[in-house]
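Chemist: Mind looking over this structure? Questions follow.
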Amino acid sequence: MTTLSKNKRIVISGTYSTGKTTTTTALSIVTGIPMINALSAREILTDLYPGRRFQDMTATELMALGLKRFEERIRAEEQALSQYDGFISDGSVLNEWIYGTVRMKVGINPGSTLPHRIAKRITGFTSKPFVNKYLESYGVVVNKHARNWYTDVIHLPIEFQMDPDGHRPVSEKYRRLSDQEIITSFKNLGFSPYPVKGSIPDRLEAIISHLGLTKTMSIDKAIELAQQQIKKNREAVSQRIIEQYHEPILKEKIKLMTKY
């Protein structure tokens, strides 16, 4: 590993279904720079709210999930820095904050049914001012952290439709808005997000060249290992979700729809 790979705290930025996890994992494998080992939002969900789907969560539950995700990221970043002077992050501390602010614009459950979204909009009328103030305070903390901790931002723009695996509890409108907000937030912090498009091999070549990183193996082999690792993890999480989930009865559905 050359010194060019040291002191790098790299963010692979982007919204839902832009290939962040595959790109980040493969980049970590091919360069040897550790990827921060934080629990994913889906893993956190199975721990905090077993059996709950993202599209049914209340504002309180979403805030709790965001805080736990923030804790996970901070812990993982510090751990990576203690072991090696640098890391590669799948997203950043800004993601959950921006996901929250965009939910305030399009509805807190953008991936749910129309009746569900209408009910949430009505029941949340009096609660939204407080949630917005909370998100404003949360934003102060995460923006300061991002400004002080990260050195490089690689942005993966939206190039294709969401993965139809049922685990993206958002809409295309939500994706577009959050993508714009992520770019704007990093620019406001003084970063110049470097856009990278194309296939995974093309992305990795572009990132490695742009950041002056060193390859420790072939890109094709790194992608193969990354895909195996991601598949194994997602299958394990999906199995937990299936085991925990039960179809809510009518009374439970009404409660989920009317509780903001």
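Chemist: Which of the pairs LYS20/LYS105; LYS120/LYS253; LYS20/LYS197 have their Cα atoms more than 19 Å apart in this structure?
Modeler: Pairs exceeding 19 Å: LYS20/LYS105.
Chemist: Tell me which label goes with the value of Rg and Dmax of the Cα atoms in Å computed from the coordinates here: (i) 18.7, 61; (ii) 23.5, 83; (iii) 20.4, 65.
Modeler: Label of the calculated value: (i).
Chemist: Whenever you get a sec, compute what percent of the accessible area on region 1-105 sits on carbon and sulfur atoms (1.4 Å probe).
Modeler: Of the solvent-accessible surface of region 1-105, carbon and sulfur hold 51 percent.
Chemist: Ok, one more. Could you sort ILE122, ILE29 by their accessible area in this structure, using a 1.4 Å probe and putting the largest first?
Modeler: ILE122, ILE29
Chemist: Could you let me know the centre-to-centre spacing of region 19-63 and region 244-260, using Cα atoms, in angstrom?
Modeler: Taking the Cα centre of region 244-260 as reference, the centre of region 19-63 is 24 Å away.
Chemist: Count neighbours as other Cβ atoms within 10 Å of each site's Cβ, and list the GluC sites (Glu not before Pro) in region 98-194 that are DSSP loop with at most 13 such neighbours.
Modeler: GLU159
Chemist: Would you tell me the accessible area of TRP149, worked out with a 1.4 angstrom probe on the heavy atoms of the protein chains, in Å² to the nearest 10?
Modeler: 60
Chemist: Further question: Helix-derived [θ] at 222 nm for the chain: sum -39500 (n - 2.57) over DSSP H runs of at least 4, divide by residue count, nearest 500?
Modeler: -19500 deg cm²/dmol
Chemist: Using Cα pairs under 8 angstrom and six or more residues apart, how large is the relative contact order of region 69-140, in percent?
Modeler: Here the relative contact order equals 27 percent.
Chemist: Taking Cα pairs under 8 Å and at least six residues apart, what relative contact order does the chain come out at, in percent?
Modeler: Here the relative contact order equals 35 percent.
Chemist: Now, a different point. For region 1-126, place one equal point scatterer on every Cα, skip the solvent, and apply the Debye formula. What is log10 of I(q)/I(0) at q = 0.15, 0.18 Å⁻¹?
Modeler: -0.76, -0.98
The values are calculated or read from the model by the stated rules, or taken from the named source; none is laboratory data. Quick caveat, the model's predicted, so the values are computed rather than measured. Neighbour counts are summed over all protein chains in view; Cβ atoms, including those assigned to glycine, are modelled from backbone coordinates with ideal geometry. Ligands, DNA and RNA are excluded from the accessible area calculation, which covers all protein heavy atoms including side chains. Shrake-Rupley method; radii C 1.70, N 1.55, O 1.52, S 1.80 Å.
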